[in-house]
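K.L.:
One structure, pasted below without further comment.
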Amino acid sequence: MPELPEVETITSNLKRGTAGAPSLIGQTILGAHILWQKTLAEPDPETFQAILQGQTIQNIGRRAKYITINLTESILVIHLRMSGDLRVEPTQSPLNKHDRLTLDFDSGWRLSFNDTRKFGRVWLVRDTQNLFSSLGPEPDDPALTPERFHEMLKTRSRAIKPLLLDQHFLAGLGNIYTDESLFRANLHPLRSSDTLTLQDAAKLLESIRATLALGIQNNGASIDWVYRGGDFQNHFQVYQQTGSPCPTCGQPIQKTTVAQRGTHFCPHCQPLKGA
DNA sequence: ACGAGCGCCTGTCGGC
DNA sequence: TGCCGACAGGCGCTCG
């Protein structure tokens, strides 16, 4: 499910609260329930429960596609992977199908990690250094200038789509926002990264930022049965638009496979140069 | 350094 | 209707 905009939406909902649930800031943890063992990456279940007990949520944030929940003495880190979701509901309400891990708070509310495909992971750590040290920059980092981005692209010789999907290169993009960003930048998904000019790099960076901002503005994208509440799927220009006319030129959008991922693009607006 | 293939999982959809 | 393969918003691993 989630790429940066969806994770950002979920994070800010937890932090600010919603119409149906309070903010988690200030809530104290009574206990944890682990319903699927492999969801907990570290530490072991006993240590996890013992450490969490009695800790209070101080802050909630996001780094790349990770959600960070700062507690009194530890940090709870959550990655939703493909199908994960976080829900805040009354402790008395029945568990949902595919709930994998839950936290009960003293306020009578519960945070549940629901994850159909069981790919999601939860860590409880002292600090996030080990988890985050190899991540690329956030796309909206002001230090990421067009010149710097151009340098990063030039030092690699890789098809641009798999490179953008690589979280060690740039953090936050997934399949949807990569396809949409490349379309906006008029770049073919197989274009080799070291052939981009400074102008290409600047346009790509601007396209990534605009696409992510639009995604966040629309609370992310809701597709299939997984994530609900977002509207960005109504703004897709190429993703899942196979055969539909390109919004710019009218030629049919094509679908191929790049890096084992479904890839949507306009062959006319995104011609392949320097593959 | 790079890309391909696969594993991890459950659910949905289209074709027959 | 039922079965079966393809596919799905992610990512870490091995291999060549």
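The values are calculated or read from the model by the stated rules, or taken from the named source; none is laboratory data. Predicted model, so just to flag it, every value in this text is computed and none were measured. So basically every Cβ, Gly included, is an ideal-geometry build from the backbone, and we count neighbours across all protein chains shown.
K.L.:
If only one of A:ARG100, A:ARG117, A:ARG87, A:ARG62 is out of contact with any helix residue (DSSP H, G or I) (no Cβ under 9 Å at 6 or more places or on another chain), within 16 Å of DNA strand C (Cβ to nearest atom) and in a strand (DSSP E or B), which one is it? Reasoning before the result, please.
P.N.:
On the way: A:ARG100 fails: out of contact with any helix residue (DSSP H, G or I) (no Cβ under 9 Å at 6 or more places or on another chain); A:ARG117 fails: in a strand (DSSP E or B); A:ARG62 fails: out of contact with any helix residue (DSSP H, G or I) (no Cβ under 9 Å at 6 or more places or on another chain).
After ruling out the rest, the residue left standing is A:ARG87.
K.L.:
Scan region A:133-145 residue by residue and report those that are out of contact with any Lys or Arg (no Cβ under 9 Å at 6 or more places or on another chain) and either touching a residue at least 12 places away in the same chain (Cβ under 8 Å) or on the phi > 0 side of the Ramachandran plot (or both). Working first, answer last.
P.N.:
The first filter runs over region A:133-145 and keeps only residues out of contact with any Lys or Arg (no Cβ under 9 Å at 6 or more places or on another chain), leaving A:133-134, A:136, A:141-145.
Matches in region A:133-145: A:SER134, A:GLY136, A:LEU144.
K.L.:
Would you call A:LYS65 buried (at least 20 other Cβ atoms within 10 Å of the Cβ), basic (Lys, Arg), under 30 Å from A:ILE208 (Cβ atoms) and at pLDDT 95 or above?
P.N.:
On the way: buried (at least 20 other Cβ atoms within 10 Å of the Cβ): yes; basic (Lys, Arg): yes; under 30 Å from A:ILE208 (Cβ atoms): yes; at pLDDT 95 or above: yes.
In short, yes.
K.L.:
Identify all residues within region A:164-202 that are buried (at least 18 other Cβ atoms within 10 Å of the Cβ), assigned to a helix (DSSP H, G or I) and of a type in the set (D, E, K, R); write none if there are none.
P.N.:
Passing the criteria: A:ASP179, A:GLU180, A:ARG184, A:ASP200.
K.L.:
Let me ask something additional. Checking the structure you have, find out if any residue of region A:115-125 is buried (at least 19 other Cβ atoms within 10 Å of the Cβ) and in contact with a Gly (Cβ under 8 Å, 6 or more places away or on another chain).
P.N.:
So in region A:115-125, the residues buried (at least 19 other Cβ atoms within 10 Å of the Cβ) come out as A:115, A:120-124.
Applying the additional criterion that residues be in contact with a Gly (Cβ under 8 Å, 6 or more places away or on another chain) yields A:115, A:120.
Scanning region A:115-125 turns up at least one residue that is buried (at least 19 other Cβ atoms within 10 Å of the Cβ) and in contact with a Gly (Cβ under 8 Å, 6 or more places away or on another chain).
K.L.:
Same structure again: Given the residues A:THR178, A:THR128, A:THR211, which is the only one that is in the same structural domain as A:THR47 (by TED's automatic domain parsing) and within 16 Å of DNA strand C (Cβ to nearest atom)?
P.N.:
On the way: A:THR178 fails: in the same structural domain as A:THR47 (by TED's automatic domain parsing); A:THR211 fails: in the same structural domain as A:THR47 (by TED's automatic domain parsing).
Testing whether each residue is in the same structural domain as A:THR47 (by TED's automatic domain parsing) and within 16 Å of DNA strand C (Cβ to nearest atom) leaves just A:THR128.
K.L.:
Let me ask another. Exactly one of (1) near DNA strand B (Cβ under 10 Å from one of its atoms); (2) not assigned by TED's automatic domain parsing to the domain that holds A:ASN70 is unmet by A:ASP140. Its number?
P.N.:
For A:ASP140, the failing item is (1).
K.L.:
Looking at region A:68-89, which of the residues that are surrounded by 15 or more Cβ atoms within 10 Å (Cβ to Cβ) and of a type in the set (Asp, Glu) is nearest to A:LYS118 (Cα to Cα)?
P.N.:
Filtering region A:68-89 for residues that are surrounded by 15 or more Cβ atoms within 10 Å (Cβ to Cβ) and of a type in the set (Asp, Glu), the one nearest to A:LYS118 (Cα to Cα) comes out as A:ASP85.
K.L.:
Looking only at region A:219-245, filter to residues that are without any contact (Cβ under 8 Å) to a residue 24 or more places away in the chain and over 20 Å from A:ARG87 (Cβ atoms); which one of those is nearest to the chain's Cα centre (by Cα)?
P.N.:
Here the answer is A:GLN233.
K.L.:
Out of A:THR18, A:THR28, A:THR11, A:THR56, which single residue is over 26 Å from A:PHE169 (Cα atoms) and free of Cβ contacts under 8 Å to residues at least 60 places away in the same chain?
P.N.:
Details: A:THR18 fails: free of Cβ contacts under 8 Å to residues at least 60 places away in the same chain; A:THR28 fails: free of Cβ contacts under 8 Å to residues at least 60 places away in the same chain; A:THR11 fails: over 26 Å from A:PHE169 (Cα atoms).
Residue meeting the stated conditions: A:THR56.
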